[in-house]
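The values are calculated or read from the model by the stated rules, or taken from the named source; none is laboratory data. Keep in mind that this is a model prediction, so the values were computed, not measured. Glycine also receives a Cβ, built like all others from the backbone with ideal geometry; neighbour counts cover every protein chain displayed. Ligands, DNA and RNA are excluded from the accessible area calculation, which covers all protein heavy atoms including side chains. Shrake-Rupley method; radii C 1.70, N 1.55, O 1.52, S 1.80 Å.
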Amino acid sequence: MNQDTTIDPATLRDEVQRQVLESVRTLVPWFSRNMPEYYFRTHGRDEQVRHLKALVSGMVREQGQSMVLHSPCGTMVTHITPGGDMRSLAGVLRQHIDRDIRIARIYSSRDDTIRLDTLLFGPRPQCAADSDGLARALATVRRGGLDLDPAEAADFEGFLASANDDYLEKFEPGRAVRHFKTCSCVENRERVQVALDTEPVPGFDRVSVAMEHPPARGLLLRVVNVFARENIPVDRAYSDVFERGDMPPIAVMSFYLDRSRIGLVEGTGQWERLRRQLELTKWFAFHGLEALAEEEGWELGEVMLMQAASEFAHQFLIRKNLHAYGSGRIVHVVLKHRHVARRLLDYFDARCNPALAGDRERAVAEQREAVLEAINGVNNEIHRNILKYIYKFFRYTLRTNYYLPHRLGLSFRLDPIILAPTPAQERPFGLYCFHGPYCFAFHVRYRDMARGGVRVVRTGSQEHFELESNRLFDEVTKLAKAQQFKNKDIPEGGSKAVLLLGPEGDIDLAVRSMVDSFLDLLAAPANGSGFVLPDIVDHLNREEVIFLGPDENITPEHISWIAARAAKRGYKWPGAFMSSKPGAGIAHKEYGVTSEGVVVFARELLLALGIDPARQTFSVKLTGGPAGDVASNVIRILIREYGENARIVAMADGHGAAFDPDGMDHAELLRLIDSGGRASGFDATRLTGAGAFVVSTQDPDGVRIRDELHNQARADLFIPAGGRPETINMTNWKQFLGRDGTPSARGIVEGANIFIAADARTALEKAGVLVVPGPSANKTGVICSSYEILAGLILTDEEFLAIKDRYVSQLLDILRQRAGAEARLLMREYRLAGGGKTVTQISYALSASINALADRIVAALEEETGRVADSPELCEVILAYCPTIPAEKYADRLVGDLPRRHQLALVAAFVSARMLYQEGLGWAERLVSLRGVREVVFGYLAEEKALARLVAEVRAAGLAHGPLVVDILERGGRSRLTLDRLGLG
């Protein structure tokens, strides 16, 4: 140990100066020789000096230390680190994985001893209109000599004016022109543009990656990881994100490769492998299985495929054991048994790769034998079950877009047999699943031709995501089944799509990924043979027609994009692919189409409870607030139809709740609805009742009060018109009862899908609540969407817009008629059952009967009917189903241009629903068991017309008891005449 503690400041100073000067003498020449030329062109003297000082003081080269320089405002950071490869850069970027990197300037010394990487974080303000940087850049443009057409000059100036100050400070004309042209190329395109330019700068090639609407976080790291794993050395690189006002941002990245170290050539395996993976970076999410790329050399696409298969396995194995088959365990098993995972991919490749040469059946058999042997060789039962389910996923994939170039995500059409041991009659007709950036989705349908909404379930944390993931398939299946029961009045069966979005996910990217991947499996070349694109192996070998609609978290912008994308992708029926389109669609919220039916059912239920809403006051409580579709329109229609008789005593939404036992002020409710306000925005000064309140979920007790209000507020009717599925369930249904056991509402009309779990609904009914379930109560929304699909199948947007007002007006009458017919039948059957059946049981029995009869009608018509336009009887039914305006103006298209399957399903749904609503349960089923389906159906329709003539005669006769005679005829005349016609009277 040194015993001399005397400190001589001058000596220390001299020694430090000597060592620093020695480092500077060595470092500066090295720096000038080894840093890329472009570094000196884009960094001023002050920046160079600052970086050199950091290199010296940090001893980066001498001792391998790292230095980080932060700007005072915290929006810029420069990392100076040892090691020049891309893995070192990836390590730097991982430190900022949660930051929005808007600009990156990346340099590696030529001897690979250091990296110098500068990152600027967003948001970056647009440059001021009078900034010096913009003035200098515009002056350069106006002097000319740039690679621009004269017509592009104004747009280029606008491009520069939207840039940020840093971009203009380092303005280089040629680079800016290239960025401008790249932005033009990728604008309004979803795919990632990847290009290889040979020697744009002498001695260097350039790989460029550009995309519109880039992920806000982690994109640069994803791209750098690909270069690192492919061992592509990068001399320097730049990344810029261009904000464009109301238009989506565009990211442009450029990577410069020293040709003396690597020479990429288009068309070679090395380049194609790199390009494929870079094109996926927009659509890839960081995941534990990425270790297969890091350590085993898997391509990014292969990792994504195994991610999709693993998540599918998770959905079904958790039913066996929630803890044994969590997502983390499945990832662990795949990584532990990598040789089996590779065998699984080989098996999938044999089944689905369109480029497979030779005998596919033989190749599949060989790979199946090999992979099953590998799986059976795994000793751990849980591990073996996981690998077997991944095998089942690959085994029952009938179509996939995995082998398509430029895909935005992954899609799989699965054989529903994968759901065995679920009985065949309970399985859906079709099953799709989708994998995209931080999202996973299912689409389930219960008939060949079906329609249903797309909903997005957003999550705020990883724990929330895991919770929702555990019940994703159950949710979509229950919703699709409910839709199947609900769709009894229309040609399309029931379907539903549910997309689960992780906390890091971008909802716009997720929706676009899912929908475009769906279209990959639905669109086919107009002049090609087969039902799918050429690069898809089709184990299904049949056309699939899909209709979608909006549901939770789907915005008007999403709807417009989906409709436009279907047309762009060449889907056969683009106008019908997505309902509720702005303009040439029927927006549910604007017209209140679901709520019109809900209020009709509410009226009939109130009458059954002994309340005539036209003459007596009644109270209603709701979930869903003034900004929600169903809730806002229910309030508006109740006020329109019943005025002060309608007392809205409680409402709750995602932002808060309002309660007034005297009924909330109608004018204030309408003000909130018109302004798109929230329940918490109700003016508390307009409350009058004892104990009335308004709460916000921002208040300490606001969430609890909001969550309890639908149970505790007392009312004649409860209309759940918003909220998550199974909000009322077996763990909490008793909270709907008072201390004396009486329900807080005597009747419930389910305006929201499966708000009440089935077993909880049964418990409430046993407690004395009259419940109209969702498949009946909110069916008019899907009926409206079906009529919008019908218009989209035969009319252009311009033709529809020309008749839209009359079409919608006539359709609203139809919706009220359909709701009224079912509501009256339900209450009549309920009274006739004498308490032996609940309204819910009758509702589901009615739906099942209508659907079963419709299926029999379709089967009979398929066998016995040729061209629908040649059958006057069928044409008459089709025109009777439609609003008057299209039936009069476009009758030829309705009977001649509609898809035949749609025509037959339309006839079947219309006739079967009509017969059941008019004659009640059991009557039609008994007749078709005794006579042919066609004989019964068309005999009934003929006698219906005969009855109409009799009724007209009675009315014309002016009999004293004419109205009573007409009522008797209309109640029983059709059935009597039909029985006689069939020889059963």
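Just need the relative contact order of segment 625-738 here, percent rounded to a whole number, with Cα pairs under 8 Å and 6+ apart.
Computed value for segment 625-738: 27 percent relative contact order.
Hey, with R₀ at 60 Å, roughly what FRET efficiency would Ile968 and Met247 work out to, going by the Cβ-Cβ distance, to 0.05?
0.35
Do you know the relative contact order of segment 209-283, to the nearest whole percent, from alpha carbon pairs under 8 angstrom that are 6+ apart?
Numbers: 82 pairs, mean separation 28.7, N = 75.
Relative contact order comes out at 38 percent.
Testing the spin-label approximation: label points 7 Å from Cα along Cα→Cβ at Trp271 and Ala614. State their distance in nm.
7.8 nm
Tell me, what is the 1.4 Å probe accessible area of Val966, in Å² to the nearest 10?
10 Å²
Would you be so kind as to identify which of Gln367, Pro405, Ala424 lies farthest towards the positive end of the dipole of segment 354-438, taking Lys and Arg as +1 and Asp and Glu as -1 on Cβ and the Cα centre as origin?
Pro405
Considering only DSSP states other than H, G, I, E and B, which trypsin sites (Lys or Arg not before Pro) in segment 591-696 qualify as loop sites with at most 12 other Cβ atoms within 10 Å?
For trypsin sites (Lys or Arg not before Pro) across segment 591-696 that sit outside H, G, I, E and B with at most 12 neighbouring Cβ atoms in 10 Å, the list reads Arg615.
If I take R0 = 45 Å and measure r between the Cβ atoms of Ala54 and Ala370 in this structure, what FRET efficiency does the formula 1/(1 + (r/R0)^6) give, to the nearest 0.05?
For Ala54 and Ala370, the calculated efficiency is 0.20.
Just to confirm my numbers, what's the Cα centroid distance between segment 122-138 and segment 668-738 in Å?
50 Å
Over the chain, calculate the relative contact order: mean separation of alpha carbon pairs under 8 Å at least 6 apart, over the residue count, as a percent.
Relative CO of the chain lands at 7 percent.
Please compute the per residue accessible area over the chain with all protein chains in place, 1.4 Å probe, rounded to a whole number of Å².
So the chain comes to 41 Å² accessible per residue, rounded to a whole number.
Determine the share of the chain's accessible area contributed by carbon and sulfur atoms, expressed in whole percent, with a 1.4 angstrom probe.
About 50 percent, which is the carbon plus sulfur part of the accessible surface.
Counting Lys +1, Arg +1, Asp -1, Glu -1, what net charge surrounds Ser208 among other residues with beta carbon under 12 Å of its beta carbon?
Its environment carries a net charge of +2.
Projecting each Cα onto the charge dipole of segment 848-895 (Lys/Arg +1, Asp/Glu -1 at the beta carbon, about the Cα centre), which of Pro883, Val868, Ser849 comes out farthest on the positive side?
So the residue furthest toward the plus end is Pro883.
Treat the chain as a sphere of radius equal to its Kirkwood radius over Cα pairs and apply Stokes-Einstein at 20 °C in a medium of 1.002 mPa s; give the translational diffusion coefficient in µm²/s, rounded to a whole number.
66 µm²/s
Of the DSSP beta bridges with both residues in the chain, give the percent that are antiparallel, rounding to the nearest 5.
Just about 70 percent of them are antiparallel.
Please name which of Phe473, Gly494, Leu533 has its Cα lying farthest along the dipole of segment 445-586 towards the positive end, using unit charges on Cβ (Lys, Arg +1; Asp, Glu -1) and the Cα centre as origin.
The Cα lying farthest towards the positive end belongs to Gly494.
Measure out, as a whole number of angstrom, how far apart the alpha-carbon centroids of segment 615-639 and segment 315-356 sit.
Distance between centres, Cα-based: 49 Å.
For segment 18-131, would you read off the P(r) tail past 24 Å as a percentage of all alpha carbon pairs?
Tail of P(r) above 24 Å: 27 percent of Cα pairs.
Once you have a ≥ b ≥ c as the square roots of the Cα gyration tensor eigenvalues for segment 322-473, tell me rounded if a/c is under 1.5, and otherwise prolate or oblate according to whether a/b is larger than b/c.
oblate
Mind running the shape call on segment 861-978? Use the C-alpha gyration tensor, a ≥ b ≥ c as the square roots of the eigenvalues: rounded below 1.5 for a/c, prolate if a/b tops b/c, oblate otherwise.
Cα axes put segment 861-978 in the oblate bin.
Treating the beta-carbon of each Lys and Arg as +1 and of each Asp and Glu as -1, no other charges, what is the dipole magnitude of the chain about its Cα centre, to the nearest 20 debye?
The calculated dipole for the chain is roughly 1800 debye.
So between Arg867 and Ala946, what do we pick up on full extension, going 0.36 nm a residue minus the alpha carbon distance? Don't jump to the answer; show the numbers that get you there.
Numbers: separation 79, 0.36 × 79 = 28.44 nm, distance 2.67 nm.
25.8 nm is the gain from fully extending Arg867 to Ala946.
Treating the beta-carbon of each Lys and Arg as +1 and of each Asp and Glu as -1, no other charges, what is the dipole magnitude of segment 580-678 about its Cα centre, to the nearest 20 debye?
For segment 580-678, the charge dipole is close to 200 debye.
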